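Here's the structure we're looking at; comments come further down.
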Amino acid sequence: MNNFQYSRASDVADAIRLLAADPGAKLIAGGTNLIDLMKENVERPSRLIDISRLPLRDIEETADGGLRVGALVPNSDLAYHPLIEQRYPLLASAILAGASAQLRNMASVGGNLMQRTRCAYFYDTATPCNKRSPGTGCSAIDGLNRNHAILGTSTSCIATNPSDMSVALAALGALVHIAGPSGQRTIALTDFHRLPEDKPHLDTNLGSGEIITAIELPPHGFARNYSYLKIRDRLSYAFALVSVAAALELEGNAIVEARLALGGVAHKPWRSLEAEAALRGQAATPDHFGRAADLLLQGATARSHNGFKIELARRAVVRALMQAASATPQSQAHKKIA
Amino acid sequence: MADLTIPERIPINLVVNGERRALEVVPWTTLLDALRDRLELTGTKKGCDHGQCGACTVLIDGRRVNSCLTLAVMTDGAEITTIEGLARDGALHPLQQAFIDHDAFQCGYCTPGQICSAAGLLAEGRARDADEIRELMSGNLCRCGAYPNIVAAIEQAMSRS
């Protein structure tokens, strides 16, 4: 780890001031990803601004019947919160599918949104990587790319976003509340992360002096018909090859509303309004689910080692939608796939 | 311009295994290194040093965390429990006894982390059966492969707590 200065922010405004005063500074909350990246010399901040003691740990009901979750709520506390378990079990399930119990105790909601790709070349400072060192090239495109993206890639980067939580938040239509030097703003979670295009060093649309203060969940939690299905190389404590957040609102066997998002396949949680629209008004059948999966995966492109992900994603989407329709969501502890 | 001066050591106060400990640390000292190198509590092990193996697991204010990914300076004021702090009045913690009863280790390197993690798991009260124990202990690796006995030991401690 490089040497760095340490400051403890006294409030959000102080954190924003400290960020503005030192362009090499970074915020730290749970630190689970940042400290690891610092040990690998991928991140070399000149200063860490400790925001872990700021009062951003509340989970409050909003006027419209949704929930506002402070950016510093630990992942485990969010997953096990009674209101999340009751109203947003898709989110609880996705969080519990990620990391380990220790890491979930440490990691914050805001930090989860800010975590960086686990592309092995991004971590290996001896190799070219446009995300780590812009302009040096992408080692993954013609390298070992079994874990890499099949959707929304560019010629600069085929890295994936590793978050499980964000996939559920994308499906649920969550909002991200942000504070910065020019005031506060709110953006959709699906607009928070970006595609690599020609600037893969930018993971998100967060401005350099900005800080996430909360996420907001809309009233509709799809608590009855949902599933988070995560496919990975080992049964626990591994990043997704493919994951699916599926949520349905049914009247009998007819789909009134559908939400679908994929993880492990792109630089951001992958959601397709077209695929969701195709499900509305249809019967909840494997055929219709397969059609939605095809629309969601439209344009998927394989590299040398990750072609299996396209069919895996298609089947995982159908399976997750079947689990959602039958109200038998994937258990994150009992690993049998229903 | 970044401030390139070497930072002063920062004073922090901890309660480690029930004892007040004051020390001064540079900002990049992890809690793991502070425990092992400064407080001479070498029961907590450094395995991968990247949060992947769980050997460094300790309890901060009763919650299990990876001490290798925790900056000591950020824990100022916290209560830390390590493997050395689990026994009470000369009696082993029920988990320590259960690990002996079930021969839940071979080389023993992961054991302090396994036991601290299991103590956190018991406090969380979320595991009800062996599958849930396995899932919620997946942050602790055992390269000797003592997993069946580790699960059995935790089931024993769980049934008696």
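Just so you know, all these numbers are worked out from the coordinates, no wet-lab data involved. Just so it is clear, the model here is predicted, and its values are computed rather than measured. Cβ atoms come from the backbone with ideal geometry, glycine included; neighbour counts cover every protein chain shown.
Numbers at a glance
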| quantity | calculated |
| --- | --- |
| Positive-pole candidate from B:VAL16, A:THR125, A:ASN41, dipole of the protein assembly as shown, charges at beta carbon | A:THR125 |
| Relative packing of B:121-127, A:83-89, which averages over residues the other C-beta atoms within 10 Å, highest first | A:83-89, B:121-127 |
| Sorted by Cβ neighbour density within 10 Å, fewest at the top, the residues A:TRP270, B:TRP28 | B:TRP28, A:TRP270 |
| Theoretical FRET efficiency, 1/(1+(r/R0)^6), r = Cβ-Cβ of B:LEU122 and A:THR155, R0 45 Å, to 0.05 | 0.30 |
| Förster-model FRET efficiency, 60 Å R0, A:ALA63 and B:ASP103, C-beta, rounded to 0.05 | 0.55 |
| Equivalent ellipsoid semi-axes, the range A:164-253, via Cα gyration tensor eigenvalues times 5, rooted, Å | 28, 20, 11 |
| Residue among A:GLN282, A:GLN102, A:GLN323 with the largest mean-square fluctuation in a Gaussian network model of chain A, springs linking Cα atoms under 10 Å | A:GLN102 |
| Too-long pairs where the Cα-Cα distance tops 27 Å, listed order kept, from A:LYS39/A:LYS131; A:LYS268/B:LYS46; A:LYS39/B:LYS45; A:LYS26/A:LYS199 | A:LYS268/B:LYS46 |
| Local electrostatic count at A:ASP11 - Lys and Arg +1, Asp and Glu -1, tallied over other residues with Cβ under 12 Å | +2 |
| As computed over the range A:111-178, the Cα convex hull volume per residue (Å³) | 113 |
| Extension gain from A:ARG315 to A:ALA327, taking 0.36 nm per residue of separation minus the Cα-Cα distance | 2.5 nm |
| Cα-Cα P(r), the protein assembly as shown, percent of pairs per 20 Å interval | 23, 56, 21, 0 |
| 10 Å Cβ neighbours from other chains, averaged over peptide B:63-76 | 6 |
| All-pairs Cα distance distribution in the range A:1-75, expressed in whole percent, bin size 10 Å | 19, 41, 28, 10, 2 |
| Antiparallel content of DSSP bridges confined to chain B, in %, to 5 | 90 |
| Cβ neighbours within 10 Å from other chains - mean over A:4-11 | 4 |
| In nm, spacing of pseudo-spin labels at A:SER304 and A:THR186 (7 Å Cα→C-beta vector) | 4.8 |
| Span-like helix ranges in chain B, DSSP H, alpha carbon extent 15 angstrom or more, Kyte mean at least 1.0 | none |
| Evaluated at q = 0.13, 0.18 Å⁻¹: base-10 log I(q)/I(0), Debye formula over Cα of the range A:192-338 | -0.64, -1.12 |
| Radius ratio Rg over Rh of the range B:16-136, counting only Cα atoms, Kirkwood formula for Rh | 0.96 |
| Contact order relative to length of chain B, as percent, for alpha carbon pairs under 8 angstrom and 6 or more apart | 23 |
| Ranked list, fewest to most other Cβ atoms within 10 Å of each Cβ, for A:ASP124, B:ASP33, A:ASP287 | A:ASP287, A:ASP124, B:ASP33 |
| Förster radius 51 Å - calculated FRET efficiency between B:ALA22 and A:HIS334 (Cβ-Cβ, nearest 0.05) | 0.65 |
